[in-house]
Amino acid sequence: MTFPLNATVVPPDQPRTLVTIATYNEIENLPRLAEAVWEVAPRADVLVIDDNSPDGTGRWCDEQAASEPRLKCLHRAGKLGLGTATIAGMRYAIEQGYDLVLNMDADFSHHPRHIPAILAAVESCDVSIGSRYCPGGGTKDWPLARRLMSWGVNSYARCLLGLKPRDTSGAFRCYRVSLLKHLDFGAIKSRGYSFQEEVLWRLKRAGARMSETPILFADRERGQSKINKQEAVGALWVIFRLGMTNWLGV
């Protein structure tokens with residue numbers, strides 16, 4: 001995979017921060033989202049990892065990047081999974097010498113207004129998690145069944161993987177790149193939803209310090225959800241297998 005080399009110059013007293021956003025058909029959201037990110041983090045670079053969106057998301061990104069040095073785009077052949085997209089962003093951050101990499105969704109369910117607090121928290125830890133379930137966090141307009149399902153998945157992962165954060169499945173996080181350098185990306189089994197739990201587990205084993213910052217999670221207003229029920233069931237199996245390794249060493 002070839003990475004673009006144009007990089008924003010950041011003052012030496014400011015950590016170089018990369019915001020990564022995985023996209024598939026997000027042309028209705030991405031232009032507004034990029035501007036909203038720069039309103040609260042004007043020195044951050046934004047890396048879009050696009051899975052060959054037929055709606056022109058990747059094309060828009062390329063056109064804007066020609067005149068906006070803070071915007072970069074990686075093009076992938078198709079829908080290869082959220083986990084692999086996140087890994088691509090992490091690898092880019094390592095290879096391009098960033099200090100921090102902050103991952104978020106493309107649909108405003110992770111609102112950029114929370115970015116300053118998440119970045120501030122990582123000053124005293126290695127992984128700063130935008131959390132729905134720590135004090136002050138929450139979800140907007142979720143039915144009871146969805147809240148119970150999310151609670152169950154997080155409890156399942158925390159128990160099997162020995163994780164302390166309350167929100168193990170959310171993707172709104174900031175990582176210290178110096179710690180990511182110690183990850184064996186080739187060993188990561190997850191390609192979809194369980195990636196979020198697995199990467200926390202592997203970072204915990206590497207000695208990562210984690211903290212949670214409250215966020216309000218709201219469902220997308222534009223575009224279509226990418227939730228795949230079959231993939232969600234597969235994620236539970238991956239977490240179970242990792243749990244056996246965690247507790248039994250098998």
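The values are calculated or read from the model by the stated rules, or taken from the named source; none is laboratory data. Quick caveat: nothing in here was measured; it's all calculated off a predicted structure. For neighbour counting, all protein chains shown are included, and Cβ atoms are generated from backbone atoms with ideal geometry for every residue, glycine included. Please note that ligands, DNA and RNA were not included when accessible areas were found on the heavy atoms of the full protein model with its side chains. Shrake-Rupley method; radii C 1.70, N 1.55, O 1.52, S 1.80 Å.
Listed values, structure above:
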read-out	value
Subset of the stretch 162-172 [open to solvent by less than 40 Å² (accessible area, probe 1.4 Å) and under 19 Å from the mean Cα position of the chain (by Cα)]	163, 165, 167, 168, 169, 170, 171, 172
Inter-residue pairs, beta-carbon under 7 Å, first open to solvent by 70 Å² or more (accessible area, probe 1.4 Å) and in the stretch 173-188, second modelled with pLDDT under 95 and among the hydrophobic types (A, V, I, L, M, F, W, C), 6+ apart	182/206
Qualifying residue in the stretch 180-194 (condition: touching a Leu at 6+ places or on another chain (Cβ under 6 Å), modelled with pLDDT of 85 or more and more than 20 Å from residue 148 (Cα to Cα))	no
Any hit, the stretch 209-217, residues being crowded, with 18+ Cβ neighbours inside 10 Å, farther than 21 Å from residue 37 by Cβ and out of contact with any Cys (no Cβ under 8 Å at 6 or more places or on another chain)	no
Members of the stretch 20-29 that are out of contact with any helix residue (DSSP H, G or I) (no Cβ under 6 Å at 6 or more places or on another chain) and either of a type in the set (Gly, Ala, Ser) or not in a loop (DSSP other than H, G, I, E, B) (or both)	21
Among (1) surrounded by fewer than 20 Cβ atoms within 10 Å (Cβ to Cβ); (2) closer than 25 Å to residue 75 by Cβ, the one test that residue 143 misses	(2)
